[in-house]
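The values are calculated or read from the model by the stated rules, or taken from the named source; none is laboratory data. Everything quoted here is computed from the prediction, not taken from an experiment. Glycine also receives a Cβ, built like all others from the backbone with ideal geometry; neighbour counts cover every protein chain displayed.
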Amino acid sequence: MPLKIESFEDEYIDKIQRESIDDLNKFYEINWVHHLPVVIITKDRKTIDMLKGESSKRWMVGSAEGNKIFMLDRNALESESVHKYTPETYYTLLKHEVSHCFYRILSNGQMKPVWLCEGVAIYTSGQNKEKCPKLNIIS
Ligand SMILES: [Zn+2]
């Protein structure tokens, strides 16, 4: 089945992608300004699965493949995943995937060890604060 992909204007996605890249350039000490990750928004999980070539779990809403980021549309987040939509949550989900793109550069494409790759993505996106609110009081 072919996929039809079109570009579209979305100031919110542009803004959170730009903020993510700016912040991650500082964290990773990289000045990545050319050939930046391309965000591909999909209306449903089926499309992400087709792009990845495998079926995904309901908690998965995005994936970084090279410099391409496949993300579930924020309007489909609640119907297609286990996540509740808030602008902040969506920002952390996108930033997590952008962080993987940076890690790919540092790891020379190896994305290993997986625990470190995921841990850094969770930390740099702020998802550790979402899942462990008590940590916010300490830090
Ligand atoms: Zn991840």
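Against the definition (under 13 Å from the mean Cα position of the chain (by Cα) and at pLDDT 95 or above), how does Thr124 come out, yes or no? Answer is yes for this residue.
For the stretch 47-104, which positions are away from the ligand (no atom under 16 Å from the Cβ), of a type in the set (A, V, I, L, M) and surrounded by 17 or more Cβ atoms within 10 Å (Cβ to Cβ)? Residues satisfying the conditions are Ala76, Leu77. Under the condition of being of a type in the set (D, E, K, R) and in a helix (DSSP H, G or I), the residues counted in the stretch 1-16 number 3. Here Arg18 clears all of (1) charged (D, E, K, R); (2) away from the ligand (no atom under 16 Å from the Cβ); (3) at pLDDT below 95 except the condition numbered (3).
If I filter the stretch 48-60 for residues that are within 22 Å of Gly119 (Cβ to Cβ), of a type outside the set (Lys, Arg) and touching a strand residue (DSSP E or B) at 6+ places or on another chain (Cβ under 8 Å), do I get at least one hit? So far as the stretch 48-60 goes, yes, one or more of its residues are within 22 Å of Gly119 (Cβ to Cβ), of a type outside the set (Lys, Arg) and touching a strand residue (DSSP E or B) at 6+ places or on another chain (Cβ under 8 Å). Return yes or no: is Val120 within 15 Å of the ligand (Cβ to nearest atom) and surrounded by 18 or more Cβ atoms within 10 Å (Cβ to Cβ)? Criteria met by Val120. Residue check, Asn128 against (1) within 15 Å of the ligand (Cβ to nearest atom); (2) touching a residue at least 60 places away in the same chain (Cβ under 8 Å); (3) not β-branched (Val, Ile, Thr), all met but one. Which one? Here Asn128 clears every test but (2).
How many of the residues making up the stretch 67-90 are under 18 Å from Glu118 (Cβ atoms) and out of contact with any Lys or Arg (no Cβ under 6 Å at 6 or more places or on another chain)? Before you say what the answer is, go through the steps one by one.
Filtering the stretch 67-90 for residues under 18 Å from Glu118 (Cβ atoms) gives 69-71, 81-83, 89.
Cutting the leftovers down to out of contact with any Lys or Arg (no Cβ under 6 Å at 6 or more places or on another chain) gives us 69-71, 83, 89.
Residues flagged as under 18 Å from Glu118 (Cβ atoms) and out of contact with any Lys or Arg (no Cβ under 6 Å at 6 or more places or on another chain) within the stretch 67-90 amount to 5.
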